[in-house]
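Take a look at the structure set out below.
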Protein chains: 4
Amino acid sequence: MHFFSDNATPVCPQVMAAMAAADQADHGYDGDQWSARLDSAFSALFDTQVRALWIATGTAANSIALATLCPPYGGVICHDEAHIVVDECGAPGFFTHGASLMTLPGDGAKLTPEAVSARLATIRPDVHQVPARVISITNATEYGRVYAPDEVAALGNIARTHGLGFHMDGARFANAVAHLGCAPADLTWRAGVDALSFGCVKNGGMIGEALLFFGPEADARATEAARWRKRSGHLFSKGRYLAAQILAMVEDDLWLTNARAANAAAQALAQAAPDRLLHRVEANELFIRLTAAEAATLRGQSFDFYDWGEGAARLVTNWSQDAASVAPLAAALRALDHG
Amino acid sequence: MHFFSDNATPVCPQVMAAMAAADQADHGYDGDQWSARLDSAFSALFDTQVRALWIATGTAANSIALATLCPPYGGVICHDEAHIVVDECGAPGFFTHGASLMTLPGDGAKLTPEAVSARLATIRPDVHQVPARVISITNATEYGRVYAPDEVAALGNIARTHGLGFHMDGARFANAVAHLGCAPADLTWRAGVDALSFGCVKNGGMIGEALLFFGPEADARATEAARWRKRSGHLFSKGRYLAAQILAMVEDDLWLTNARAANAAAQALAQAAPDRLLHRVEANELFIRLTAAEAATLRGQSFDFYDWGEGAARLVTNWSQDAASVAPLAAALRALDHG
Amino acid sequence: MHFFSDNATPVCPQVMAAMAAADQADHGYDGDQWSARLDSAFSALFDTQVRALWIATGTAANSIALATLCPPYGGVICHDEAHIVVDECGAPGFFTHGASLMTLPGDGAKLTPEAVSARLATIRPDVHQVPARVISITNATEYGRVYAPDEVAALGNIARTHGLGFHMDGARFANAVAHLGCAPADLTWRAGVDALSFGCVKNGGMIGEALLFFGPEADARATEAARWRKRSGHLFSKGRYLAAQILAMVEDDLWLTNARAANAAAQALAQAAPDRLLHRVEANELFIRLTAAEAATLRGQSFDFYDWGEGAARLVTNWSQDAASVAPLAAALRALDHG
Amino acid sequence: MHFFSDNATPVCPQVMAAMAAADQADHGYDGDQWSARLDSAFSALFDTQVRALWIATGTAANSIALATLCPPYGGVICHDEAHIVVDECGAPGFFTHGASLMTLPGDGAKLTPEAVSARLATIRPDVHQVPARVISITNATEYGRVYAPDEVAALGNIARTHGLGFHMDGARFANAVAHLGCAPADLTWRAGVDALSFGCVKNGGMIGEALLFFGPEADARATEAARWRKRSGHLFSKGRYLAAQILAMVEDDLWLTNARAANAAAQALAQAAPDRLLHRVEANELFIRLTAAEAATLRGQSFDFYDWGEGAARLVTNWSQDAASVAPLAAALRALDHG
């Protein structure tokens, strides 16, 4: 049983069906009937006027979002373990033409308002220093932690006060919303978020995430983002197959159904090993203490996962699992301690 | 019946089947079993050691190829109607960090050795001028014309003599090979080509082209290209669905079967309107003289296509057609003249 | 006697004196008293509110001007023999992050309104094509030809109508104004010019040109340009020595005095060889027919100059010359025909 | 008396004289007789074959050095208070096209081998992570601390072992050498340094630093750097005035004479306030504890300097001072404690 990544999972059946249904002639690029429905589908979901573009990957969605929010000579305040910092081979630097990532530490890969404010206070306004222009957070974070609406809003206030853009990497946004049970709007534009990378692939999609823009500048930014999408080779000839996936995710709450299943699986595992947890489990990732011998024991029982440095491991659950299906691993974890 | 683009066509059944067969858990990115087979599949097809990467789009494949061949201060000699010049929103400039496109005219969107040599002769070697570093051609060209192996080799000789890289945009490479009946090797590395954008989407694929590197520097360039692919947001989490498509195209000559069908359809139309042709028909595109009234007549019969400036039109055939299936349009064209 | 470039000339005495006068302690970068006077000095000269920055070189001034006027995905309409195209090693591509140079032919290296309008008409507004965003001209041109105010205004009208920025490379702006006898304002902002690279070095300066912004967006663009200047390593620690040079040029009409001298020298030579001229002589450059034997004859008399392709030569006069001082070359040219 | 920056100082007389001596006609750019002597002058100074280019500013020299050593997808290990991080408006990101600055803390703005090795150990070699490609240090550092030859060599060993380039920002290299009394070679290429930004302006020059390349790749890197210099607008038309300054600095040990004077002045001040020092004084900068009231007292006596955060100040001495000339400030500092 695979727990090394939600990327390893097959595509969920509803998404496959949606792609098959889109397998017909239509206009190329984003001129088709599916792409045309993205704005309205996300506007309904977020209870405001949203501009939405399909984008190949989360890395591209993050980078294009940042490119619309940050000039080359600007800076992006973010966590030092953010995906944009450690897992994108410098893609934000490529798309922004060299903007600086201004990294901060923080528990659970979460930024705090205090840390952000303190960092901003150190920047002189002269031309020698890189001015901060964006705050970027990940929700759920790289450690499976979730920012609640008021936590996002506290950062959003700082962004607004300092005239900064506010981006959210939502590769696991569905898991965050499923955990919180809040309205998507409360976690985003009502809290000051300007741009959201809305993840689909880790949540059951095949290829394609959505990049969403909120607020009065949404139109201008989406128009700019469409240029970047083409210019970076991300405007697929047959975009309808991406749009159809995203619509399938969004239109019947499949995104939440899938995320709830993955979250439930993670909770079942967390309850099986409460003393091993390195981070509170709020989404679909567990980071646990695990000796090399214990890891070998679990792998001997066909559970796959990544080591996470010395004496620790990362377990990722996914849409195709739930509490029941991960019971074997839960039992195996319990057996490590009590076996 | 659609003739406005080969992008409008559905995905061919074998490709859909291959994607369904790949719908199982495996490692992410290009760590899966399908991606692992690309090198050997293309090496077999091209009768030499090839390094192959799946890439989202033709624009990305072209740009990443150029980024591996050209420094930011270098130039790419290409046709002034090349796709990289007129239809990629400056993507080559983005990926190469500002390399110059050195454009030349030429009949049928083909470069001639004479024009290339003359252009090279004008460049001073001092630091004030941009040195040419790459020749890039499209085969079949933007006007559906085909370079034969000896024509490619003549340009390849110039490239070798001047120490330039040699790139081929093969969005319709299949149509070129189907027209020529030659070995793929003869049209590429044996003629000096270093990098080939091998098109799939226009030929029945859904998402994903292959970027191929030949020759002694293939390994180094592919390694570099893999960095660019990630850095530009093109490393898909579930790359197996792209690899499976490409393998389906290549492994049973589906790519040639599909291209032959499209070419045959184009020939059938060409024979129906020999006096209207603006360019010789060698692949799957026709550029014909057509008055506005004639265009309206054809559209009134449900034939869709793009105008191509004043008094002309472009008709593109595709893998799902053949001489028989386009007979209605052939008849309609004949009727314009003799009706 | 040197005629190969106005770069070869020593610095004129007034500029050297100004540098010596600035050789005292003051604040670094552009925080000094000389830099502080640039805006007002140029505002007086141009009879409007001007924002002015010293910049190291003409290449940098051109590129930073273009970077403020053109996004990375935009295009710059310019002459195919413009300095920004042929003599800057792709600097505009570097500073704009890959914007496209959209080159046009034209007599004497001058753009015509007809050619510009025709080019603009070919660009589709979709995301596949690079949108034109700037028109850039050189005055005096690379062939020593001069645009009159009404010619500039005709291009300025096109720029305004299409929402394009308008840049003038004025490496030899002084020579153009000296030839025309017009107000600097008439040749620039009154004709729609947004940004001017105001040349000093070829006209007697040592190091440093001025980059000027006109119009309602001047402030915003100058603020942006100051970022680019720093980011590109062009913010000198001791900027006062550049500012002092530029002020010396501008404040007592030294720029015009010097340019008139160079122009007069060129006219004297033109009158000596009227049948050899390849371009009308309006500034301080002559392009003349000259056989290899004739060139050797002149060089044998210690006249230095560059060949300009087969059977032609370029002669550049400078601020330290005048009609009298170039009389020996004038005589030598006459002697070639009548000797 | 100014202590806010060594940039505020006038140009030293020998440099002014050298510029005056170069005020004659010669070839443009770096085709003149002074530029031609740079390689040999620095080769003599460094006791090895050196390639040397004049570059406008330290920011440009650092950035061009990094651009020759680091691909866009690579990283530069450096101190988190390095000039390239905090005072260049992101210039390294501009010149490298988005390479990452991998910052580390360290006492006195010095990198330690332990910290560098630990950082390198965290980087996975896959394409998702930015690979380190360069180590960059500043000598003397931003806090006026000096790396001794063995400290540089320890970092050089790490660089060689990991295949990294090694750059030294030597804006105050003269002060470091003057402090150490070592051979320039011992502090650079013998310790593994590949590229050195050799500062002149803070040490009595007007405009222009030298960028030096050492070792077997020096030629290739200098050739590449010459492209970058032109492409970034840093190839001055009249480069002879920069080359002459640098030669004046180097050829009669003026660089060391000047640095010794500045260092002596700093030592005199350090001895006057030993209990206030925040960093050991090794070059020409003092960082001292100073209350707002004390700062006001000193400023009331016409001593100018920058505050350095709350309760601290930075004092910079320069070539035009020595122990005797700064005696008034030394006395004033003593008076603060004992007055």
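The values are calculated or read from the model by the stated rules, or taken from the named source; none is laboratory data. Remember, predicted model here, so these are calculated numbers, not experimental data. Glycine also receives a Cβ, built like all others from the backbone with ideal geometry; neighbour counts cover every protein chain displayed. When the accessible area is computed, the model is the full protein with side chains, heavy atoms only, and any ligands, DNA or RNA have been set aside. Shrake-Rupley method; radii C 1.70, N 1.55, O 1.52, S 1.80 Å.
Brief remarks on what is shown
- For beta carbons closer than 6 Å, sequence separation of 6+ or different chains, a first residue in the range D:226-242 that is under 17 Å from residue C:235 (Cα atoms) and assigned by TED's automatic domain parsing to the domain that holds residue D:91 and a second that is of a type in the set (A, V, I, L, M) and surrounded by fewer than 24 Cβ atoms within 10 Å (Cβ to Cβ), the qualifying pairs are D:230/B:127.
- Residues in the range B:74-89 that are assigned to a loop (DSSP other than H, G, I, E, B) and open to solvent by less than 10 Å² (accessible area, probe 1.4 Å): B:74, B:82, B:88, B:89.
- Filtering the range B:79-103 to residues that are more than 8 Å from chain C (Cβ to nearest Cβ) and more than 21 Å from residue D:227 (Cβ to Cβ) leaves B:79, B:80, B:81, B:82, B:83, B:84, B:85, B:91, B:103.
- Between B:266, B:222, B:210, B:226, the distinction of being assigned to a helix (DSSP H, G or I) and crowded, with 24+ Cβ neighbours inside 10 Å belongs to B:266 only.
- Residues that are within 11 Å of another protein chain (Cβ to nearest Cβ) and surrounded by fewer than 24 Cβ atoms within 10 Å (Cβ to Cβ), drawn from the range A:47-71: A:71
- Of the set (1) out of contact with any Pro (no Cβ under 9 Å at 6 or more places or on another chain); (2) surrounded by 24 or more Cβ atoms within 10 Å (Cβ to Cβ), all apply to residue A:204 but (1).
- Of residues in the range A:104-123 being over 19 Å from the mean Cα position of the chain (by Cα) and charged (D, E, K, R), the one farthest from the other protein chains (Cβ to nearest Cβ): A:114
- For the range D:193-235, a residue qualifies if it is under 14 Å from the mean Cα position of the chain (by Cα) and of a type in the set (D, E, K, R), and the qualifying residues are D:202, D:209.
Here is a yes/no grid of residues against (1) touching a helix residue (DSSP H, G or I) at 6+ places or on another chain (Cβ under 6 Å); (2) over 20 Å from residue B:25 (Cβ atoms); (3) of a type in the set (Gly, Ala, Ser); (4) in a helix (DSSP H, G or I):
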{"position": "A:275", "(1), (2), (3), (4)": "no, yes, no, yes"}
{"position": "A:297", "(1), (2), (3), (4)": "no, yes, no, yes"}
{"position": "A:321", "(1), (2), (3), (4)": "yes, no, no, no"}
{"position": "A:328", "(1), (2), (3), (4)": "no, no, no, yes"}
{"position": "A:333", "(1), (2), (3), (4)": "yes, yes, no, yes"}
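- Of all residue pairs spaced 6 or more apart or on separate chains, those with beta-carbon atoms under 9 Å, a first member in the range B:124-136 that is away from chain D (no Cβ under 12 Å) and more than 13 Å from residue C:91 (Cα to Cα) and a second member that is of a type in the set (Asp, Glu) and open to solvent by 20 Å² or more (accessible area, probe 1.4 Å) are B:134/B:194.
- Qualifying residues in the range C:245-263 (those that are closer than 27 Å to residue D:5 by Cβ and more than 11 Å from chain D (Cβ to nearest Cβ)) - the one most open to solvent (accessible area, probe 1.4 Å): C:248
- Matching entry among D:5, D:63 (being part of a loop (DSSP other than H, G, I, E, B) and either on the phi > 0 side of the Ramachandran plot or within 14 Å of the chain's Cα centre (by Cα) (or both)): D:5
- Comparison of B:103, B:112, B:96, B:59 shows that the only residue that is within 30 Å of residue B:252 (Cβ to Cβ), of a type in the set (Ser, Thr, Tyr) and modelled with pLDDT of 95 or more is B:59.
- Answer residue from the range B:287-302, given it is of a type outside the set (Phe, Trp, Tyr) and within 29 Å of the chain's Cα centre (by Cα) and is most open to solvent (accessible area, probe 1.4 Å) among those: B:289
- Taking first residues from the range D:74-100 that are closer than 16 Å to residue A:123 by Cα and partners that are of a type in the set (Phe, Trp, Tyr), the Cβ contacts under 8 Å between residues at least 6 apart in sequence or on separate chains come to D:81/D:143; D:89/A:73; D:90/A:73.
- Check on residue D:190, more than 7 Å from every other protein chain (Cβ to nearest Cβ), in contact with a strand residue (DSSP E or B) (Cβ under 7 Å, 6 or more places away or on another chain), open to solvent by 10 Å² or more (accessible area, probe 1.4 Å) and basic (Lys, Arg): no
- In the range B:1-26, the qualifying residues are those that are of a type in the set (Gly, Ala, Ser) and modelled with pLDDT of 95 or more, and the one that is surrounded by the fewest Cβ atoms within 10 Å (Cβ to Cβ) is B:21.
- The requirement of being more than 13 Å from chain A (Cβ to nearest Cβ), under 20 Å from residue B:138 (Cα atoms), open to solvent by less than 50 Å² (accessible area, probe 1.4 Å) and not β-branched (Val, Ile, Thr) is fulfilled nowhere in the range B:27-38; no residue meets it.
- Out of D:11, D:15, sole residue that is outside any loop (DSSP other than H, G, I, E, B), within 13 Å of chain C (Cβ to nearest Cβ) and within 17 Å of residue D:174 (Cβ to Cβ): D:15
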